[in-house]
Amino acid sequence: MRKLLFVGLIVLVGLSLLEAQTTRNARHVVPTGKGWGMEVPHDIAPPIVITGNGINYHGGPVIKGTMKAYFIWYGNWTNGPHASDSQTTVNLLSSLFGSSGLNGSNYYRINTTYGDNSGNVSGNIVLAGSTTDSYSQGTGLSDSRVQAVVSSAITSGRLPKDTNAIYFVLTSSDVRETSGFCTRYCGWHTRATISGSDIKFSFVGNSDRCSSACEAQTVSPNGDSGADGMASVMAHEAEETDTDPDLNAWYDSGGAENADKCAWKFGPTTGTIGSGGYNQTLAGHNWLIQMNWENSRGGGCDKVLGGTFYTR
Amino acid sequence: MRKILLLVILAGASLQSAVSQGSPTPIQTTTRLVAIFADLNYELFQSIQKHDAATFDRLVGQDFELRTPSEPDNPKSREDWQQLEFGRPLQSFGISQMAVRGLRDDVASVSFVLEEKRGTAIGSQKSFVVQAWTREGESWTCQEAYVSPIAPSAKPGPMRDRRPSGKD
């Protein structure tokens, strides 16, 4: 009987540890977007390791080493209702996440100012695989259906299972995301346990579905407003996943993660926003990509690591 | 001993249940329009808080009307609303759960939950607000608002997207 009790206690301790790892640290506000947060109970004080740069550490892991990106092109990316539902968009966004795109760029290296107790974010991200999904969940996706799309891609073997990665579900312009795409958000990121592993994934819809809501300009640097609009949102989701993959690492007192703090802020541009202005040149293309919050020098939005901070 | 073992197992089962609860709420990248109208509404309610008539005048249209469910046939004019608002000290406010639909390039409908603490009141009051805004040039103006108090017992959904006003 004592053995049984001992085993029971071991199980209980193990479950407690698991629960501690998977539950966000309780606090007043946790992230949901640009400077917005979700109120949660506050009976456990979060460990704050670093302060003074406008964003705080809450104890969870960051992604270390090169973060891989996997694309799931959902819907019709050949000849959908908008011109941007096309192979051109597929090629442009694949190049942005290719080895000479965001990967190791002075822009993406802003994320190296974030870390956890065992190391810092690398500033590297590469596209490691892509697949397609022809409306397996219909044209109206709930958040759980987005997760089902990711789960299906992994369990079917179309994409590998990778815990050091972000899986993007990229929907063509005829697909709705019913929890508020276009009225509340342009994209989101989260995590879930899929096939027993901690998988990070993101939804980003074709911004041409609602250009006034999800695009800074309709005349865009690459002549593809959908791809150019999605590029900034995808960069946003990638850098938040790198620095807050399990939603318990880096965010500020209002619940804003690093990219939230600079959402829709681009800094100085070459050309004007509205007429194809851009602020980054990556992978041989010009892009208008939002700034990111640098966790050093007091904190601020900049276009490159160590660059000038801008407020808009 | 069996009772202790049972308690341990029950505690474990309860923890396991907590662990297996669904995925966390996704972290959203708000739309450009939500960013714009969140800023405009913060400016508007800060103008009320500071009795800043010039800013209030800039953001609220001349023909503005405020409607409430308690007096659907008796809308408040812009002047009446300003007088009412400026006469009640606004200690703090918060805006959450904002959604914006751009109906045209120059017309938008906006909805959100407003939480405000007035005067010496101990608690705060939540209201569901729907507004219609129009744009002339680069300037947006609020033309219409519908404000419906949320009963304390009502559950308008999870308290998401709370952005601190800095005045809390």
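Observations, loosely collected:
- Separation in nanometres of the label points that stand 7 Å from Cα toward Cβ, at A:SER136 and A:THR270: 4.1 nm
- Separation of alpha-carbon centers, the range B:92-146 and the range A:280-298, rounded to whole Å: 32 Å
- Trypsin sites (Lys or Arg not before Pro) restricted to DSSP loop in the range B:24-78 with at most 15 other C-beta within 10 Å: B:LYS50
- Cβ-defined net charge surrounding B:GLU136, 15 Å radius [Lys, Arg +1; Asp, Glu -1]: -2
- Accessible surface buried once A binds B (1.4 Å probe; total of both sides; Å²): 4000 Å²
- Taking a point 7 Å from the Cα of B:GLU71 along the Cα-to-Cβ direction, the residues of the range B:116-156 with backbone N closer than 15 Å to it are B:145-149.
- For the residues B:HIS51, A:HIS285, A:HIS58, a 1.4 Å probe over the protein chains yields an accessible-area ranking, largest first, of B:HIS51, A:HIS285, A:HIS58.
- Taking every residue in A:131-143 and counting other chain Cβ atoms within 10 Å of its Cβ, the average works out to 0.
- Karplus (6.51, -1.76, 1.60) ³J(HN,Hα), θ = phi - 60°, over the range A:59-75, in Hz, Gly and Pro reported as x: x, x, x, 10, 7, 10, x, 6, 7, 8, 10, 10, 9, 10, 7, 9, x
- Tensor-based shape of the range A:87-239 (alpha-carbon gyration tensor, a/c under 1.5 rounded, otherwise prolate or oblate): oblate
- Remark: the A:THR178-A:TYR310 segment gains 44.1 nm on full extension, using 0.36 nm per residue and subtracting the alpha carbon distance.
- Amide H contacts of A:ASN103 (H built 1.01 Å from N, under 5 Å, at least 5 apart or other chain): A:ILE125
- Gain upon complete extension [B:SER23, B:THR134; 0.36 nm per residue less C-alpha separation]: 36.1 nm
- Computing FRET efficiency as 1/(1 + (r/R0)^6) for B:LEU103 and A:SER99, where r is the C-beta to C-beta distance and R0 is 51 Å, gives about 0.75.
- Relative packing of A:218-228, A:79-89, which averages over residues the other C-beta atoms within 10 Å, highest first: A:218-228, A:79-89
- Placing B:ARG101, B:ARG118, A:ARG312 in order of accessible area, with the largest value first and a 1.4 Å probe, yields A:ARG312, B:ARG101, B:ARG118.
- C-alpha center-to-center spacing [the range B:30-59, the range A:121-183] in angstrom: 36 Å
- When each of A:LYS261/A:LYS303; A:LYS200/A:LYS265; A:LYS68/A:LYS303; A:LYS200/A:LYS261; A:LYS64/A:LYS200; A:LYS200/A:LYS303 is checked by Cα-Cα distance, pairs over 18 Å: A:LYS200/A:LYS265; A:LYS68/A:LYS303; A:LYS200/A:LYS261; A:LYS200/A:LYS303
- Global form of the range B:32-149, assessed from the alpha-carbon gyration tensor, a/c cut-off 1.5: rounded
- Think of the range B:32-149 as having a plus end and a minus end, set by charges on the Cβ of Lys, Arg, Asp and Glu; of B:GLN143, B:GLN82, B:GLY94, B:GLY94 sits farthest toward the positive end of this dipole.
- For residues of A:211-217, the mean tally of beta carbons on other chains within 10 Å: 5
- Filtered trypsin sites (Lys or Arg not before Pro), the range A:192-283: DSSP coil and at most 14 other beta carbons within 10 Å: none
The values are calculated or read from the model by the stated rules, or taken from the named source; none is laboratory data. What you see is a predicted model, and the numbers here were worked out from it, not measured in a lab. With ideal geometry, Cβ positions are generated from the backbone for all residues, glycine too; neighbour counts draw on all protein chains shown. For the accessible areas, the whole protein counts, side chains as well, though only heavy atoms, and no ligand, DNA or RNA atoms are used. Shrake-Rupley method; radii C 1.70, N 1.55, O 1.52, S 1.80 Å.
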